[in-house]
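Visitor: Below: one structure in C-alpha cells.
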Amino acid sequence: MVDYNKAIEYFDAVIGDRTSYLRLKVQAYVHRGEVFQGKGDKNRALPDYSAAVGLDEDHPDPYLHRGQFYLSIEALQPALTDLKKCIEFDEDFPAPWTQMVYGQYQMARTVSPSLLNEVFANLDKMVVKFPNVADVFALYGQILQDQRQFVQAEEKFIKAQELAPHNVTYKAHQATLKMMAENNFDSALVLLNEAIQEDPKCDFVLENLGMIYIQKQQYKEALGCFEKALELVKTEAEAAHVSALYIGLKCQWEVCEEYGVKPVSLSDLQGFGDMSPS
C-alpha cells in the first residue's frame, strides 16, 4: 500500500511553502485530501478539498475530487452540486459526467425515483459525447444490470471491454452479470480466471473470484484469492473490506470443518463485507 505518512509530509511542505505557485498549492491540498481519504480519515480529507476549492474557485479539479468524496460518504446533494460545477468548467471531461450520473442514480434509488428518466437521458447523452470512453459504457452497464435489464447490460460491458481490452475489471462485471442473469457460476468462473491470467495483480478480480469460489464451496481457493487481494489493495478502506471477508470466511470454515455443520454461503458473510466503507 501507499506510504501515507511520507506523502503527507511532502504535501505539508508544499502547502507550507509561501513561494509555492497557486496551482501547485491547490493540487497539494487535493492530493493530501486523497491521502487522508485513503487512510480512512474523512474528517481531515474534506477540509483539504474545500481549501483547494477556496484557493481557486475557477478550477474544475477540486470540485471533482470534493464531489467524489461526497459520493463516498453518500452526501448526494452536495456531491451533485460540485460535479455539475466541474462540468460547467470543462464539459468535455468524462470523469465528472460519470460521477454525476452515478450520484443521480443513487439518489433515484434512495430518495427520488423520478430522477431515473434523467439518469438514462444523461447516459444516452454520454455515449454520444464520449463514444470512446470505456468507463461510460461500464457505468451504463452497471445501472442496466441493477435495473435487471441484463441483455442491454451485457452489450454495454462488451463495448467497454472492446474499448479497453486490457482493463480486466470489465470482465469481472460480465461475470457478475452471468451470476445474476443466469445463475451460471461456471461461466462466471471462466471469465474471472481469464481476467486474472491477463492481470494477476487486479485485487477487484481476485475479490470477485473469491466470492465465486465461496458459492462453489471451494473455500481454500476463496481464502487464497482474498489473501492475494489483501497484498494488492491500495487503501486502508479496501484492506479493511477484504480483511473482513477473509476473516469471516476463515472463522466459519474452521467451525464447519470442526463440527461438520452446514457450509457457509455469501449471505453468511454479508455482515462482514458490509463493514467496509464505500
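Visitor: Accessible surface of Y219 in the full protein assembly, 1.4 angstrom probe, to the nearest 10 Å²?
Guide: 20 Å²
Visitor: Would you work out if the range 79-167 is rounded, prolate or oblate? Take a ≥ b ≥ c from the square roots of the eigenvalues of the alpha-carbon gyration tensor; rounded if a/c is under 1.5, else prolate when a/b is larger than b/c, oblate otherwise. Working shown, then result.
Guide: Working: a/c = 2.20, a/b = 1.15, b/c = 1.92.
Taking the square roots of the gyration eigenvalues as a ≥ b ≥ c, the range 79-167 is oblate.
Visitor: Among K171, K201, K129, what's the order by accessible area (1.4 angstrom probe), most exposed first? The partial results should precede the final answer.
Guide: On the way: K171 30, K201 150, K129 70 Å².
Listed by decreasing accessible area, they come as K201, K129, K171.
Visitor: How much of the accessible area of the range 1-140, in percent, comes from carbon and sulfur atoms when a 1.4 Å probe is used? Provide the component values of the computation, followed by the final result.
Guide: Working: 3620 of 7200 Å².
In the range 1-140, the share of accessible area belonging to carbon and sulfur is 50 percent.
Visitor: With every atom except the alpha carbons ignored, what do you get for Rg and Dmax of the range 192-242, in angstroms?
Guide: 10.3, 29
Visitor: Right, here's the next one. Note down the accessible area of K216, probe 1.4 Å, to the nearest 10 Å².
Guide: 70 Å²
Visitor: Grab the beta carbon distance between N183 and D124, set R0 = 25 Å, and tell me the FRET efficiency rounded to 0.05. Write out the running numbers ahead of the final one.
Guide: Working: r = 30 Å, r/R0 = 1.21.
E(calc), rounded to 0.05, equals 0.25.
Visitor: Separate question: Check the straight Cα-Cα distances from K159 and name the aspartates and glutamates below 13 Å, setting aside those fewer than 8 residues away within the same chain.
Guide: Counting by Cα, and skipping residues close in sequence, K159 has these aspartates and glutamates nearby: D135.
Visitor: If you don't mind, there's one more thing I want to ask. For the range 21-89 and the range 211-236, what is the separation of their C-alpha centers, rounded to whole Å?
Guide: 33 Å
Visitor: Any chance you could run the full-extension gain for K250 through L55? It's 0.36 nm times the residue separation minus the Cα-Cα distance, nm to one decimal.
Guide: Values: separation 195, 0.36 × 195 = 70.20 nm, distance 4.87 nm.
So the extension gain works out to 65.3 nm.
Visitor: Among the aspartates and glutamates, which have Cα under 14 Å from the Cα of K201 when same-chain residues fewer than 8 positions away are ignored?
Guide: The qualifying aspartates and glutamates are E227, E231.
Visitor: Another question about this same structure. At 1.4 Å probe size, put W253, W97 in order of accessible surface, largest to smallest. The partial results should precede the final answer.
Guide: On the way: W253 65, W97 25 Å².
Ranked from most to least accessible, the order is W253, W97.
Visitor: Another question, then. Over the alpha carbons of the range 1-59, what is the largest minus smallest coordinate on each principal axis, giving the biggest first in Å?
Guide: Rounded to whole Å, the extents work out to 31, 20, 14 Å.
Visitor: Students often get this wrong, so try it: which of [x] 28, 22, 17; [y] 33, 21, 18; [z] 35, 25, 17 is semi-axes √(5λ) of the Cα gyration tensor in Å as calculated from the structure shown?
Guide: Only one option fits the structure, namely [z].
Visitor: Further question: Find out how many positive minus negative residues lie around F69, taking Lys and Arg as positive, Asp and Glu as negative, among other residues whose Cβ is under 15 Å from that of F69. Intermediate values should be presented prior to the final figure.
Guide: Values: positive: R32, K39, K42, R44, R66, K85; negative: E34, D41, D48, D61, E74, D82.
Summing Lys/Arg as +1 and Asp/Glu as -1 gives 0.
Visitor: Going by the alpha-carbon gyration tensor, a ≥ b ≥ c the square roots of its eigenvalues, is the range 18-94 rounded (a/c under 1.5) or, if a/c is not under 1.5, prolate (a/b greater than b/c) versus oblate? Write down the numbers at each step before the final one.
Guide: Numbers: a/c = 2.09, a/b = 1.06, b/c = 1.97.
Oblate, because a/c is 1.5 or more while a/b does not exceed b/c.
Visitor: Now for a different question. For a quick protection proxy, order the peptides 3-15, 144-156 by their average other-Cβ count within 10 Å, most packed first.
Guide: Listed from highest to lowest mean packing, they are 144-156, 3-15.
Visitor: Specify whether the C-alpha gyration tensor of the range 166-262 places it in the rounded, prolate or oblate class, a ≥ b ≥ c being the square roots of the eigenvalues: rounded for a/c under 1.5, otherwise prolate if a/b is larger than b/c and oblate if not. Let's see the in-between values first.
Guide: Working: a/c = 2.22, a/b = 1.25, b/c = 1.78.
The shape class here is oblate.
Visitor: Relative contact order for the chain: what is it in percent, counting Cα pairs under 8 Å that are at least 6 residues apart?
Guide: Details: 350 pairs, mean separation 30.6, N = 278.
In percent, rounded to a whole number, it is 11.
Visitor: From the protein chains alone at 1.4 Å, what is the descending order of accessible area for S114, S187, largest first? Intermediate values should be presented prior to the final figure.
Guide: On the way: S114 95, S187 40 Å².
Result of the area sort, largest leading: S114, S187.
The values are calculated or read from the model by the stated rules, or taken from the named source; none is laboratory data. Quantities reported herein were computed from a predicted structural model and do not represent experimental measurements. As a convention, Cβ positions derive from the backbone with ideal geometry for all residues, glycine included, and neighbour counts pool all protein chains shown. These area figures cover heavy atoms from the full protein model, side chains too; ligands, DNA and RNA do not enter into them. Shrake-Rupley method; radii C 1.70, N 1.55, O 1.52, S 1.80 Å.
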